[in-house]
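Peer 1: Mind looking over this structure? Questions follow.
Nothing in this text is a laboratory measurement; each read-out follows from the coordinates by a stated rule. As the structure is a prediction and not an experimental result, all values here were calculated from the model. Cβ placement follows ideal geometry from the backbone for every residue including glycine, while neighbour counts extend to all protein chains displayed.
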Amino acid sequence: MKLADDELDIYKAEWSHCEDGIGRFDNLVFQIRGWATSASGVLLAAAFTLARSELVLISGFIAIMFWAIEAINKTYQGIFIERSHDIQIMLAAHMQNAVTQSMKDGLLIGPQFHRAFAEHKADGIAAILSRAMFSNVALFYVALILACGGSYLVIPAGHGPAKCAVSTTPLTKAR
């Protein structure tokens, strides 16, 4: 069976919308990782400069918070990916009966974010935690947290700013 032209156009438009969403979340993930690296790096540098080990703990906490934010965004991206996959199956099989009445009326149906979290919040939290453990997500943040933990062991606790001797010599004219 073949899909009618208008139904096919609707599927293509929705599929394009899903692909755009997947791309937007990919860009957002790279921004989040940049922010996590920058924030943690600044705090690690401040911790070394000021010899304040508690700043390293804050840096590790920030890395964990960005990890959670990325996991949430990966969950939303997964919704787009699942819907895109479903549309690809429908288009490939030319399943005319799978078209809903709202699509026949010309409405574009985007991914439903609230469905990802089901009726129970525990299911939504489980979905986020599973996305947080993806190897491409977890390895980045585990490395960042380990860097913070290693730095905590190196920095002496609360001895104030690092002292460095600076000597000045007068400039002399070359003869």
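Peer 1: Give a residue-ordered list of calculated ³J(HN,Hα) values for the range 128-140 (Karplus: 6.51 cos²θ - 1.76 cosθ + 1.60, θ = phi - 60°; whole Hz; x for Gly, Pro).
Peer 2: 5, 4, 5, 5, 5, 8, 4, 4, 6, 9, 5, 4, 4
Peer 1: What residues have an amide H closer than 5 Å to that of residue 51, excluding those fewer than 5 places away on the same chain, when H is modeled at 1.01 Å from N in the peptide plane?
Peer 2: Those lying under 5 Å, H to H, from residue 51 are 162.
Peer 1: Be a star and scan the range 47-78 for residues whose amide nitrogen sits under 19 Å from the point 7 Å along the Cα-to-Cβ vector of residue 153.
Peer 2: Once the point is set 7 Å along Cα→Cβ of residue 153, 47-48, 52-61 turn out to lie under 19 Å by backbone N, inside the range 47-78.
Peer 1: Apply the Karplus curve 6.51 cos²θ - 1.76 cosθ + 1.60, θ = phi - 60°, to the phi angles in the range 22-37 and return the couplings in whole Hz, x for Gly and Pro.
Peer 2: Each residue's phi maps through the Karplus curve to give 4, x, 4, 5, 4, 4, 5, 4, 5, 5, 4, 5, x, 5, 4, 5 Hz.
Peer 1: A further question follows. Could you order the peptides 24-31, 84-91, 51-58 from most to least packed, using the average number of other C-beta atoms within 10 Å per residue? Display every interim value, and only then the final one.
Peer 2: On the way: 24-31: 13.6, 84-91: 15.6, 51-58: 18.4.
Going from most to least packed, we get 51-58, 84-91, 24-31.
Peer 1: Sticking with this structure for a sec: How large is ³J(HN,Hα), in whole Hz, for each residue of the range 72-80 in order, when computed from phi with the Karplus curve 6.51 cos²θ - 1.76 cosθ + 1.60 and θ = phi - 60°, using x for Gly and Pro?
Peer 2: 5, 5, 5, 5, 4, 4, x, 5, 4
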